[in-house]
Amino acid sequence: MKRKKRRRLRPWAFCVFFLLFLSIFLIAGSKLLFWHQDNKKTEELTKEIEEEVKVVEKDTQGELVNPPEEEEESDYWYYMGIPFLEVDFTELLQKNADTVGFLHVENTNINYPVVQAPDNTYYLTHAFDKSNNSAGWVFLDYRNDMTNLSDNTIIYGHGRLDSTVFGSLKKVLTQSWQQNKDNYAIKISTPTENMIFQIFSIYTIEEESYYITSKFYSEEQKQTWLDTMKQRNTAPIDTSVNTSDKILTLSTCENNDGGRIVVHAKLIRKESR
């Protein structure tokens, strides 16, 4: 009985497989290297901003925005004691004239100047200094205006694994973060105003455009939107909201499959600068 001869891999086939493997290895390695370099650049920019930009807390009441008719709604009044955040925009505007505000979310790493471009793509791939960077930056929707708030003002940022940009926004989904009442106050400073927003909805959802509707053409349309956003809430809060409220939305990617982490808040206090 004759034994079947084993087929040997021909030299040319071996070379093809080797080159294919090498190519995959080099591409993956280069992507990892660029990712690391972009992270390092983002960290350096963030540290530079922290060192050079003056940020102070102002313990003033300011102007109440759309207060509830019933004073028993304790959550609204609780945030009257939260200090405003005031930022000196001199250095920021010199570094980047696209700067429109400064955003702070309690107990996250989100403490960034907010920029705005003529579209919603530029700052997906550019850092605060406008250098090419896959980490992007924290940016305002091109349809919005920080000096004249829309029905819904939207701020975006990449959900980076190293927790830079909006990477730490995933903390809002944790029980420990949600149990701290102070975390539900979002602070924004602009060159003309300081503002405090109160969170009323936190959730995750597949990619869609409905939650980033910026303008409504009737009270009924806005009320339907507000009801939907409240129904999506998964956090242990029950904050009232109505069509007179100015809404802030924070949006970031949850995963590579298009999932989103979303936070909605309403403006409750402001002061002119």
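Please enumerate the residues belonging to the stretch 165-182 that are crowded, with 16+ Cβ neighbours inside 10 Å and out of contact with any Phe, Trp or Tyr (no Cβ under 9 Å at 6 or more places or on another chain). Result: G167, S168, L169, K170, V172, W177.
Do we find that Y210 is modelled with pLDDT of 95 or more and closer than 23 Å to Q94 by Cβ in this structure?
When the stated conditions are applied, Y210 does not pass them.
Remark: L103 falls outside the filter, which requires a residue to be in contact with a strand residue (DSSP E or B) (Cβ under 9 Å, 6 or more places away or on another chain) and farther than 23 Å from D162 by Cβ. Would you point out the residue of the stretch 16-62, among those that are modelled with pLDDT of 60 or more, part of a helix (DSSP H, G or I) and among the basic types (K, R), that is surrounded by the most Cβ atoms within 10 Å (Cβ to Cβ)? The qualifying residue surrounded by the most Cβ atoms within 10 Å (Cβ to Cβ) is K41. Please verify whether E208 is in contact with a strand residue (DSSP E or B) (Cβ under 9 Å, 6 or more places away or on another chain) and loosely packed, with under 12 Cβ neighbours inside 10 Å, treating the condition exactly as stated. Against the criterion (in contact with a strand residue (DSSP E or B) (Cβ under 9 Å, 6 or more places away or on another chain) and loosely packed, with under 12 Cβ neighbours inside 10 Å), E208 qualifies. Considered as a group, the residues in the stretch 245-266 that are at pLDDT below 95 and not charged (D, E, K, R) include one that is nearest to T224 (Cα to Cα), and that residue is G259.
Scanning the stretch 211-231 for residues that are in contact (Cβ under 8 Å) with a residue 40 or more places away in the chain and either loosely packed, with under 14 Cβ neighbours inside 10 Å or of a type outside the set (F, W, Y) (or both), we see that the one that is farthest from Q178 (Cα to Cα) is K215.
The values are calculated or read from the model by the stated rules, or taken from the named source; none is laboratory data. Bear in mind the structure is a predicted one, so any value in this text is a computation, not a measurement. Quick reminder, even Gly has a Cβ in these numbers, built from the backbone with ideal geometry, and neighbours come from all protein chains shown.
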